[in-house]
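Novice: Mind looking over this structure? Questions follow.
Here, each number is a calculation from the coordinates, and none is a lab measurement. Not measured: the values here are computed from a predicted model. All Cβ positions, glycine included, derive from the backbone under ideal geometry; neighbour counts span all protein chains shown.
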Amino acid sequence: MYDVAVIGGGAAGFFAALRAKSLRPELKVAIFEKSGALLSKVRISGGGRCNVTHHQFDPVLLSKNYPRGSKELLGLFHRFGPLDTIAWFKERGVELKTEKDGRMFPITDSSETIINALVGEAKELGVEIRLKEKITTLPEAKTLILASGSSPDGYEIARSYGHTIVPTVPSLFTFNIPTSPLKELSGIAIQDVKVTIDGFSMSQRGPLLITHFGFSGPAVLKLSAWAARFLHEKGYLADVHIDWLSSIKAYPILLNYKKEHPKKVMSTDNPFQFPKNFWKLFSMDKPWKDVSDKDLLILAEKLHNDVYKMEGKTTHKEEFVTAGGVMLKEVDFRTMQSKIAPHLFFAGEILDIDGVTGGFNFQNAWSTGYTAGQSAASLC
Ligand SMILES: Cc1cc2nc3c(=O)[nH]c(=O)nc-3n(C[C@H](O)[C@H](O)[C@H](O)COP(=O)(O)OP(=O)(O)OC[C@H]3O[C@@H](n4cnc5c(N)ncnc54)[C@H](O)[C@@H]3O)c2cc1C
């Protein structure tokens, strides 16, 4: 009979098992993993570099990065947040570094470093690891931690206890714009755009990447997370509005530029900091003085509200996640314990929690795993 049986050898399952065993070394703690490999998503995460967490140490601001689960995570972040994640890995010899956009990676730029730290710690503590053990009927255990990610059999186990599963939909994807005239500019990034979807109340600002199939980049990926359910219901067909100059007003700048540089050719002379080829598609091939003020107004309007037809989505290979899962109001977030079955705990993506891109999804796994492990151990 196990004291703590963890279902799922991913980030959340590992963190839960390690916390339980480190608090109570005498307990029999096991991780059951259905595949032949541990921490598979950690391995491929962040393009093989593993974006472990985000450089946001204020729990309130951190929680705002979760389209689902923001309120519930707040208390957990006070208990175990990104600073604790950084310290945890540092104590195991893994230094993290911060990139300009706040994403944190191991200084080795290799997810293997993270896997070695987690697996090494499990071995040192004596956590039993049972590979190729797909759990459908429950192992004999005093407490059970369900950390099976977005796997359907994990949802089935939760259901068998009476839990509700919020229907799942994909999150973190790029927008397919088959009719986009910008496709030929694939690879070009525009730094500060605002992206809005018709009928959806929220917009997102940040860099946008033009790709050969449409739009990607942080602003698009973040909006895909917030609008995950809305876009799913629309069959991923929607009008996408782009403000290419979200922090300035284009019209006065265009008028002024015309006045100051009347003889320069508009298409080769750019008043903004747009890439040359991008500006060429928007501007006219004549001197500024020959462009009417009305045309400048039309151009300004287009730069602030450029509309594209989204027709489908593409999975973002560097990070994606499932929205939906175990209904949050059925879980006590002080302990991660089920409100329906007292010896059952949850951690990670199996819950109806998901973050935008940037290390927030792993932070959810570390924070919920940590508390689930601690609470399960204290119940034994
Ligand atoms: C390509 C990719 C890249 C990503 N990159 C990042 C990133 O850089 N940063 C970030 O924050 N997030 C990233 N994510 C998201 C992040 O990986 C997940 O949110 C996180 O791994 C969830 O951890 P988890 O432990 O809850 O679930 P998982 O990692 O999915 O682990 C669940 C485990 O449970 C096992 N399992 C399922 N059912 C059973 C069963 N019945 N019996 C036994 N075992 C079972 C599965 O085999 C799996 O190993 C990425 C996701 C993907 C797909």
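Novice: Compute the orientation-averaged projected area for segment 255-343 from the convex hull of its Cα atoms and round it to one decimal in nm². It would help to have the intermediate numbers written out before the result.
Specialist: Working: hull surface 45.9 nm².
Result: a mean projected hull area of 11.5 nm².
Novice: What are the extents of the Cα atoms of segment 83-159 along their three principal axes, listed from largest to smallest and rounded to whole Å?
Specialist: Here the Cα extents, ordered largest to smallest, are 45, 30, 22 Å.
Novice: Once the convex hull of the C-alpha atoms of segment 173-315 is built, how many Å³ does it hold per residue, rounded to a whole number?
Specialist: 97
Novice: Roughly what % antiparallel, to the nearest 5, for the DSSP beta bridges in the chain?
Specialist: Roughly 70 percent of the DSSP beta bridges within the chain come out antiparallel.
Novice: Sticking with this structure for a sec: Counting only helical runs of four or more DSSP H residues, what would the 222 nm mean residue ellipticity of the chain come to if each run contributes -39,500 (n - 2.57) and the total is spread over all its residues?
Specialist: Numbers: 13 runs with 136 residues, N = 380.
Value at 222 nm, helices only: -10500 deg cm²/dmol.
Novice: Then there is this: Using θ = phi - 60° and the Karplus form 6.51 cos²θ - 1.76 cosθ + 1.60, what ³J(HN,Hα) does each residue of segment 89-103 get, whole Hz, x for Gly and Pro?
Specialist: 5, 4, 4, 9, x, 10, 8, 9, 10, 10, 8, 3, 8, x, 5
Novice: On a straight-distance basis, which lysines could pair with residue 132 in a cross-link, Cα separation under 17 angstrom, same-chain partners fewer than 8 positions away excluded?
Specialist: Cross-link targets: 34, 41.
Novice: Name the trypsin sites (Lys or Arg not before Pro) in segment 224-255 that are in a loop by DSSP and that have at most 12 other C-beta atoms within 10 Å, would you?
Specialist: Passing both the DSSP loop test and the Cβ count: 249.
Novice: Let me ask you something else. Could you work out how far apart the two model spin labels at residue 87 and residue 272 are, taking each label as a point 7 Å from the Cα in the direction of the beta carbon, and quote it in nm?
Specialist: Once both label points are built, they end up 4.5 nm from each other.
Novice: From Cα pairs below 8 angstrom and at least 6 apart in sequence, can you work out the relative contact order of segment 173-315, rounded to a whole percent?
Specialist: In percent, rounded to a whole number, it is 32.
Novice: With a point put 7 Å past each Cα toward its Cβ, work out how far residue 233 is from residue 378 in nm, to one decimal.
Specialist: Distance between the two pseudo-spin positions: 3.9 nm.
Novice: Kindly write out, for segment 331-346 in residue order, the coupling ³J(HN,Hα) from the Karplus curve 6.51 cos²θ - 1.76 cosθ + 1.60 (θ = phi - 60°), rounded to whole Hz, with x marking Gly and Pro.
Specialist: Listing the rounded values in order: 10, 8, 7, 6, 10, 6, 8, 5, 7, 9, 10, x, 8, 9, 10, 10 Hz.
Novice: Here's another thing I want to ask about it. On average, how much area does the Cα convex hull of the chain cover when viewed from any direction, in nm²?
Specialist: With the hull built on Cα positions only, its mean projection is 19.7 nm².
Novice: Along the charge dipole of segment 173-315, which of 228, 180, 277 sits closest to the positive end, that is, farthest toward it, with unit charges on the beta carbon of Lys, Arg, Asp and Glu (+1, +1, -1, -1)?
Specialist: 277
Novice: Find which of 200, 136, 54 sits farthest along the positive direction of the dipole of the chain, computed with +1 on the beta-carbon of Lys and Arg, -1 on that of Asp and Glu, about the Cα centre.
Specialist: Farthest towards the positive pole: 200.
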